[in-house]
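The values are calculated or read from the model by the stated rules, or taken from the named source; none is laboratory data. Because the structure is predicted, anything quoted here is derived from the model rather than measured. Note that we place each Cβ from the backbone using ideal geometry, even for glycine, and neighbour counts take in every protein chain shown.
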């Protein structure tokens with residue numbers, strides 16, 4: 001067994017952070033026993049997650065592929081933030097978006113708990129949704 005395979009075998013893999021087995025707290029580790037992640041790897045993970053979200057939206061929203069790129073990106077970012085299920089709960093916004101009724105789309109985005117929780121992000125995405 002080579003070095004990398006030996007480390008992977010002994011450390012085991014965890015997709016989520018867990019406390020140190022000895023201290024029961026810090027340092028938290030994830031992956032194959034690492035306590036940190038490089039910016040490059042984190043960026044690759046964001047890209048992978050966005051690609052996965054985009055595929056799922058393409059299969060769940062029949063009109064998704066016909067949207068302008070800026071509107072697709074808003075939906076992907078919203079799903080990244082609140083999950084696919086959270087985004088799909090925006091029934092009225094999605095219906096309005098399908099018909100490209102932008103005043104209603106904006107109204108539905110603003111009239112949400114999501115907007116209250118992340119107002120700066122939401123306002124940025126509303127502008128992007130409108131092509132501003």
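When restricted to residues that are surrounded by 15 or more Cβ atoms within 10 Å (Cβ to Cβ) and free of Cβ contacts under 8 Å to residues at least 24 places away in the same chain, region 111-125 contains 3. Does residue 31 fit the bill of being surrounded by 12 or more Cβ atoms within 10 Å (Cβ to Cβ) and under 30 Å from residue 5 (Cβ atoms)? Spelling it out, residue 31 is indeed surrounded by 12 or more Cβ atoms within 10 Å (Cβ to Cβ) and under 30 Å from residue 5 (Cβ atoms). I'd like to check something: does region 54-62 contain any residue that is touching a helix residue (DSSP H, G or I) at 6+ places or on another chain (Cβ under 9 Å) and loosely packed, with under 11 Cβ neighbours inside 10 Å? Yes. Check whether at least one residue in region 4-22 is in contact with a helix residue (DSSP H, G or I) (Cβ under 9 Å, 6 or more places away or on another chain) and assigned to a loop (DSSP other than H, G, I, E, B), and report yes or no. No, that holds for no residue. Evaluated against (1) closer than 25 Å to residue 76 by Cα; (2) surrounded by 10 or more Cβ atoms within 10 Å (Cβ to Cβ); (3) at pLDDT below 95, residue 20 falls short on exactly one condition, (1).
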